[in-house]
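The values are calculated or read from the model by the stated rules, or taken from the named source; none is laboratory data. If you're wondering where the values come from, they're calculated on a predicted model, not measured in any experiment. Only protein heavy atoms, including side chains, enter the accessible area calculation; ligands, DNA and RNA are left aside. Shrake-Rupley method; radii C 1.70, N 1.55, O 1.52, S 1.80 Å.
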Amino acid sequence: MSELELSLFRQRSQEALKQKARRGALFLSVAAGYVRAGGDRIEKDPNQRVQEALSLVFAKFTEFQSVRQVHVLAARRGHCIARRMPQGGEGRSIVWRLPLYNTVHNILTNPVHAGRLRFWPDNEQGERRGRP
């Protein structure tokens with residue numbers, strides 16, 4: 001292929017990605033604590049341990065108000081965060097790893113988690129945690 005053809009393919013694929021993003025249908029990866037639920041939908045991960053690990057990150061951020069402090073605490077205490085890794089054939093397996101600073105930052109700033117600190121009940125009574 002010529003350089004011109006490769007350039008055209010690259011431009012077309014980038015424009016297709018931009019159009020998909022404008023429609024809200026672009027999912028390059030799913031936020032921590034969520035899984036793909038067919039097609040273009042995502043749902044909370046049904047694994048309770050995954051949800052507890054995320055709740056701990058948000059609870060400690062509410063307490064410390066610092067991404068760095070949450071990261072340092074997780075590293076010192078050995079709190080692991082789940083990562084979904086591709087598995088042979090179909091499906092994905094969960095791998096537990098100590099979080100990197102960027103992992104904690106991405107969890108706390110991902111728009112999918114917007115409102116989690118304020119609006120998600122912390123227990124069965126529906127009491128809310130986080131900032132009022």
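Counting protein heavy atoms only, segment 1-42 has 53 percent of its accessible area on carbon and sulfur, 1.4 angstrom probe. Computed with a 1.4 Å probe on the full set of protein chains, the accessible area for His105 sits at about 70 Å².
Would you mind computing Rg(Cα) / (2.2 N^0.38 Å) for segment 32-106, counting N as its residues? Write down the numbers at each step before the final one.
On the way: Rg = 13.4 Å, N = 75, 2.2 N^0.38 = 11.3 Å.
Relative to the rule-of-thumb radius for its length, segment 32-106 sits at 1.18.
Per residue, the accessible area of segment 1-102 comes to 73 Å², computed with a 1.4 Å probe over protein heavy atoms only.
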